[in-house]
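Visitor: Before we start, here is the structure in question, set down as C-alpha cells.
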Amino acid sequence: MALDDEGLIQTCSKSCEKLFGYPAAELLGHHVSLLLPKLEGVALVVRNEVNPRLKYLCHCAIPFLARRRDGRVFAGEVFFNRLHSLQPGLQVIVRNRGMMPS
C-alpha cells in the first residue's frame with residue numbers, strides 16, 4: 001500500500017485487500033493505524049525520511065500487530081520505503097507471520 005506523509009492510505013493492492021479483508025475503496029483516505037494500531041500518533045516521516053526508529057524496528061524484523069477487518073489480529077513484518085516521486089509518500093509492505101490466539 002502507499003501512504004502520504006501523514007500516514008493516510010493512498011493506494012492499496014489486491015494482496016493488501018486479501019491480507020486485511022477490506023476492499024481498497026474502503027481503506028483509501030484512512031490512517032494506516034486502522035490496520036497497524038501501533039502506528040497511531042507515530043510520525044512516519046522525520047526530516048523527509050522514514051522515521052529512524054521505525055526503520056530500525058523493521059530492519060530487526062520486530063513484529064507489528066496488524067488488525068483485519070473481521071477483528072482478527074496477526075503478527076506482521078512491516079517494511080517502509082520512502083517514495084521520492086512527484087508526490088512523496090511511503091510504500092508499506094506487510095507480511096503475515098501468523099494469527100495471534102484469541
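Visitor: Regarding VAL50, is this residue of a type outside the set (Lys, Arg), touching a residue at least 12 places away in the same chain (Cβ under 8 Å) and in contact with a Cys (Cβ under 9 Å, 6 or more places away or on another chain)?
Guide: So VAL50 fits the description; yes.
Visitor: I would also like to ask the following. Does the stretch 53-65 hold any residues that are free of Cβ contacts under 8 Å to residues at least 24 places away in the same chain and not in a loop (DSSP other than H, G, I, E, B), and which are they?
Guide: ARG53, TYR56, LEU57, CYS58, HIS59
Visitor: Identify all residues within the stretch 74-102 that are assigned to a strand (DSSP E or B), more than 17 Å from CYS16 (Cα to Cα) and at pLDDT below 85; write none if there are none.
Guide: Result: LEU83, single match.
Visitor: For the stretch 24-34, check the following and say yes or no: at least one residue is in contact with a Cys (Cβ under 7 Å, 6 or more places away or on another chain), surrounded by 14 or more Cβ atoms within 10 Å (Cβ to Cβ) and not in a loop (DSSP other than H, G, I, E, B).
Guide: The answer is yes; a qualifying residue exists.
Visitor: Could you tell me whether any residue of the stretch 12-31 is among the polar types (S, T, N, Q), at pLDDT below 95 and farther than 22 Å from ARG97 by Cα?
Guide: Scanning the stretch 12-31, I find no residue that is among the polar types (S, T, N, Q), at pLDDT below 95 and farther than 22 Å from ARG97 by Cα, so the answer is no.
The values are calculated or read from the model by the stated rules, or taken from the named source; none is laboratory data. Worth saying up front: this structure is predicted, and the values here are computed from it rather than measured. Here Cβ is always computed from backbone atoms with ideal geometry, including for glycine, and neighbour counts include all displayed protein chains.
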